[in-house]
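Inspection log for the structure reproduced underneath, given as structure tokens.
The values are calculated or read from the model by the stated rules, or taken from the named source; none is laboratory data. Keep in mind it's a predicted model, so treat the numbers as computed, not measured. All Cβ positions, glycine included, derive from the backbone under ideal geometry; neighbour counts span all protein chains shown.
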Amino acid sequence: MRTVDVVVIGAGQAGLSAAHHLRRVGLVPDRDFVVLDHAPRPGGAWQFRWPTLTYGRVHGMHALPGMELTGADPSRPASEVIGDYFTAYEERFGLRVRRPVGVRSVRSLEEGTGGRLLVATTDGDWSARALINATGTWERPFWPRYPGQETFRGRQLHTAGYRGPEEFAGQRVIVVGGGASGTQHLLEIAPPAAATTWVTRRPPVFVEGPFDEGAGRAAVALVEERVRRGLPPQSVVSVTGLPLNDALRHAREQGILDRQPMFERIVPDGAVWAGGRRVDADVILWATGFRAALDHLAPLGLRESGGGIRLEGTRAVRDERVHLVGYGPSASTIGANRAGRAAVRDVLKVLDRVPAVT
């Protein structure tokens, strides 16, 4: 078993921010802390985004602390631009991310929360005094369940498996989901597809005007309140609405964003609504979001009765050794940066109380 002061799980925006601030306070990579990442290469969840999501279409990418992202070609895929940026960032600050390493579980080495943690991975075990969890959501796509879903003879896929509009040419597509991914998919798929139908659980809320700093603070406050109460974080769109840009306005005028309520059941050749309305389909694309990837923390018993992990700042209320960044109110890129700094500040206090050796 290898021994360090801090284990950081995940090397996306939040994990790299935390690792950067650990270095700034004097901790040494691979000696005092280690960064473990499940992904095959740098880039966090961005590396898995579809190629047609270009950097110029990315909404609100905030630079990592200490190194700006400049001169990026807006026509390049975001996965490539941000992957290259994260690679350069890891090299510049010598963060020595270990990948691909999957974390199987995190548990206490002894009874109570005053001792060290055991982090079991696909590449051996680590003993740590504190943990910064930055695993994000990409590995847990959310698939709703509807009657008859298993009988559908066409193709079903999730946003996580979307690779661009070409594969939908000449097909009838039902897109499920009222978030940014759902509308982006529709705008891309509609031209080559034979037909598209947009379905959402709640009527979408389109927001005119810029999403300014005041609106951002208000949205974060709403998410933070849920996390403080131990409830699962809501999606960003459920709090902020959909910013109405020129592309969305044009799509509404063309009838592409003609939202329909949720269907009642799925049949072999499509979907049926209450009242008997039917839409035939070759594909159902579930743009239904993701859930926080936190199963490896289950042995620590951090979840509240409401289903979420209650936080004070980034600290798990049930175990001060564990900090969550990129979760809830810190899920945005700028929020992840701030959370990384805050987590390190509090982790230093934990290191004063947890034994330095086993």
Check your understanding: Among the numbered criteria (1) assigned by TED's automatic domain parsing to the domain that holds Val176; (2) over 18 Å from Gly182 (Cα atoms), which single criterion is violated by Asp295?
Key -> (1)
Check your understanding: So which residues in the range 1-25 are more than 26 Å from the chain's Cα centre (by Cα) and either modelled with pLDDT under 95 or surrounded by 24 or more Cβ atoms within 10 Å (Cβ to Cβ) (or both), if there are any at all?
Key -> Met1
Check your understanding: Condition test on Ala130, is it in contact with a strand residue (DSSP E or B) (Cβ under 7 Å, 6 or more places away or on another chain), modelled with pLDDT of 95 or more and under 30 Å from Val106 (Cα atoms)?
Key -> yes
Review point. Out of Thr159, Thr135, which single residue is over 20 Å from Leu324 (Cβ atoms) and β-branched (Val, Ile, Thr)?
Key: Thr159
Check your understanding: Is there any pair with a first residue in the range 31-50 that is on the phi > 0 side of the Ramachandran plot and a second that is hydroxyl-bearing (Ser, Thr, Tyr) whose Cβ atoms are under 9 Å apart and which are 6 or more apart or on different chains, and what are they?
Key -> Gly43/Ser79; Gly43/Tyr85; Gly43/Thr87
**Study point:** Failed condition for Val175, given (1) assigned to a strand (DSSP E or B); (2) closer than 15 Å to Val8 by Cβ; (3) β-branched (Val, Ile, Thr)
**Key:** (2)
Review point. Given the residues Gly307, Gly340, which is the only one that is in a loop (DSSP other than H, G, I, E, B) and either in the same structural domain as Val25 (by TED's automatic domain parsing) or among the basic types (Lys, Arg) (or both)?
Key: Gly307
**Study point:** Qualifying position, being modelled with pLDDT of 90 or more, under 19 Å from Ser181 (Cβ atoms) and β-branched (Val, Ile, Thr), among Thr333, Thr314, Thr240, Thr288
**Key:** Thr288
**Study point:** Any hit, the range 149-166, residues being under 24 Å from Pro261 (Cβ atoms), among the β-branched types (Val, Ile, Thr), crowded, with 16+ Cβ neighbours inside 10 Å and modelled with pLDDT of 95 or more
**Key:** yes
Check your understanding: Of all residues in the range 240-268, which are in contact with a Gly (Cβ under 6 Å, 6 or more places away or on another chain) and either closer than 26 Å to Leu222 by Cα or not β-branched (Val, Ile, Thr) (or both)?
Key -> Arg265
